[in-house]
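Q: My questions will all concern the structure given below.
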Amino acid sequence: MTTTLATILTPSPAPVVTYYDVSTGERVELSGVTLANWVAKVANLLVDELDAERGTRVRIGLPSHWLRAVWLLGAWRVGAVVTDHGADIGLSGPELEADEPVRLAASLRPLGGRFPQEPAGFLDTAIHVPASPDVFIDLDPPTPDDVAIDLDGRTVTHAELLSGPRLTGRVVREPQPLADDAADLAAALAGGGSLVIVAGAGPDDLERIAEQERATVDERGR
């Protein structure tokens, strides 16, 4: 097996991640093409500006969100380990909770909007990611045996994340822990499936959105 989470994303026109925030009415859909573009930009920022490399530890302090998927794949693309402790690089949401040597923040405003002013001590991802190149060249790509996540005291390699059941359909997910989002994303990429992440929803919202998106609620597929 030579496939890793860094290479499995196919730049197809089909949606891979769709994000809803019921409270704001936001809807963001990332096709394989769009997601690959975002991932390349994140990877270039990590390597060119933040000196990340294989084994660099990155903490992604974001809720279930389309940007969480982007940063998971961006970290995996450069061979970084997504972790919840001992990180070299920390990504915070708008609460600006990070104490890593390198600190980034995402406002989580609709459509990836910027903070009104770049927070002191943080790099605003909405400024620095779009400015990065959208083609990433792997000079030291990860291997299947490299660790992809180190969360909640458990380490999982690229090969292990990709070895589980594959997600072939289009499914609705409510917000969940980072490790579950990582597993779902790997399963969707491996199986050609698609995730619809819905925040702030009640049961009626989930069914309505599932019907609109031609998706299924609560079939975990793994």
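Q: Would you mind telling me which numbered condition in (1) of a type in the set (A, V, I, L, M); (2) surrounded by fewer than 19 Cβ atoms within 10 Å (Cβ to Cβ); (3) under 23 Å from residue 35 (Cβ atoms) residue 96 fails?
A: It is condition (3) that residue 96 fails.
Q: Restricted to segment 1-56, and to residues that are without any contact (Cβ under 8 Å) to a residue 60 or more places away in the chain and charged (D, E, K, R), which residue is surrounded by the most Cβ atoms within 10 Å (Cβ to Cβ)?
A: For segment 1-56, the residue satisfying everything is 27.
Q: Could you say which residue among 156, 70, 135 is part of a strand (DSSP E or B), aliphatic (A, V, I, L, M) and either out of contact with any Gly (no Cβ under 9 Å at 6 or more places or on another chain) or in contact (Cβ under 8 Å) with a residue 40 or more places away in the chain (or both)?
A: On the way: 70 fails: part of a strand (DSSP E or B); 135 fails: part of a strand (DSSP E or B).
Step by step, each of 156, 70, 135 is checked, and only 156 is part of a strand (DSSP E or B), aliphatic (A, V, I, L, M) and either out of contact with any Gly (no Cβ under 9 Å at 6 or more places or on another chain) or in contact (Cβ under 8 Å) with a residue 40 or more places away in the chain (or both).
So that you can scan it fast, the table gives a plain yes or no per residue for (1) under 17 Å from residue 38 (Cα atoms); (2) surrounded by 14 or more Cβ atoms within 10 Å (Cβ to Cβ); (3) in contact with a helix residue (DSSP H, G or I) (Cβ under 8 Å, 6 or more places away or on another chain):
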residue	(1), (2), (3)
113	yes, no, yes
129	yes, yes, yes
151	no, yes, yes
158	no, yes, yes
180	no, yes, no
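Here's the yes/no breakdown for (1) of a type in the set (Ser, Thr, Tyr); (2) more than 19 Å from residue 28 (Cα to Cα):
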residue: 141; (1), (2): no, yes
residue: 148; (1), (2): no, yes
residue: 163; (1), (2): yes, yes
residue: 179; (1), (2): no, yes
residue: 213; (1), (2): no, no
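Q: Let me ask something else about it. Quick check on this structure: which one of 52, 6, 43 is touching a helix residue (DSSP H, G or I) at 6+ places or on another chain (Cβ under 8 Å), at pLDDT 95 or above and part of a loop (DSSP other than H, G, I, E, B)? Don't jump to the end; show me each part of the working.
A: Values: 6 fails: at pLDDT 95 or above; 43 fails: part of a loop (DSSP other than H, G, I, E, B).
Residue meeting the stated conditions: 52.
The values are calculated or read from the model by the stated rules, or taken from the named source; none is laboratory data. Not measured: the values here are computed from a predicted model. FYI the Cβ positions are ideal-geometry reconstructions off the backbone, even for glycines, and counts take in every protein chain you see.
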